[in-house]
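Colleague: Once you've had a glance at the structure underneath, I'll fire off some questions.
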Amino acid sequence: MNFTFSSQSTAPTIEPATFQVRQIWQQVDHESREVSHLIDRTYRYHSVRELHWHLADRFSRPVHSLALNRV
């Protein structure tokens, strides 16, 4: 499964730095399908790795079977 996401960083006064997913798309064949509604976009992720693990759990897939790219 391939995913592409856009993010929004939090205010620099918040430690440690976090980000929220603005939108996320799943790549299916050669088309993108928005799946933003399937995750909590208010959650503040501390790393792309954390988002990667969250998606693996959400889609019941092994972590190594997902690819994640930021736009």
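Colleague: What are the pairs with Cβ atoms under 6 angstrom where one residue, in the range 5-18, is open to solvent by less than 30 Å² (accessible area, probe 1.4 Å) and the other, located anywhere, is at pLDDT below 65 and of a type outside the set (A, V, I, L, M, F, W, C)? Sequence gap at least six, or different chains.
Modeller: Pairs found: Thr18/Thr10.
Colleague: Does the range 40-67 hold any residues that are among the β-branched types (Val, Ile, Thr) and under 20 Å from Ala17 (Cα atoms), and which are they?
Modeller: Residues satisfying the conditions are Thr42, Val48.
Colleague: Additional query: Evaluate the following for His37: is it loosely packed, with under 13 Cβ neighbours inside 10 Å, modelled with pLDDT of 90 or more and over 16 Å from Leu68 (Cβ atoms)?
Modeller: Considered against the rule, which asks whether it is loosely packed, with under 13 Cβ neighbours inside 10 Å, modelled with pLDDT of 90 or more and over 16 Å from Leu68 (Cβ atoms), His37 comes out as yes.
Colleague: With Thr10, Thr4 as the choices, which residue is of a type in the set (S, T, N, Q) and at pLDDT below 85?
Modeller: Just a single option satisfies the conditions, and that option is Thr10.
Colleague: Restricting attention to the range 20-71, which residues are over 15 Å from Ser6 (Cα atoms) and part of a strand (DSSP E or B)?
Modeller: Val28, Glu31
Colleague: Okay, moving on. Which residue pairs have Cβ atoms under 7 Å apart, sit 6 or more places apart or on different chains, and have a first residue in the range 59-71 that is of a type in the set (Lys, Arg) and a second that is at pLDDT 90 or above?
Modeller: Cβ pairs passing all conditions: Arg70/Val48.
Colleague: Among the residues of the range 40-60, which ones are in contact with a strand residue (DSSP E or B) (Cβ under 8 Å, 6 or more places away or on another chain), open to solvent by 50 Å² or more (accessible area, probe 1.4 Å) and not basic (Lys, Arg)?
Modeller: Once the filter is applied, which keeps residues that are in contact with a strand residue (DSSP E or B) (Cβ under 8 Å, 6 or more places away or on another chain), open to solvent by 50 Å² or more (accessible area, probe 1.4 Å) and not basic (Lys, Arg), the range 40-60 yields Thr42, Tyr43, Val48, His54.
The values are calculated or read from the model by the stated rules, or taken from the named source; none is laboratory data. A quick note: this is a predicted structure, and the numbers were derived from the prediction, not measured. Virtual Cβ from ideal backbone geometry, glycine too; neighbours counted across all protein chains shown. Just the protein is used for accessible areas: all its heavy atoms, side chains included, with ligands, DNA and RNA removed. Shrake-Rupley method; radii C 1.70, N 1.55, O 1.52, S 1.80 Å.
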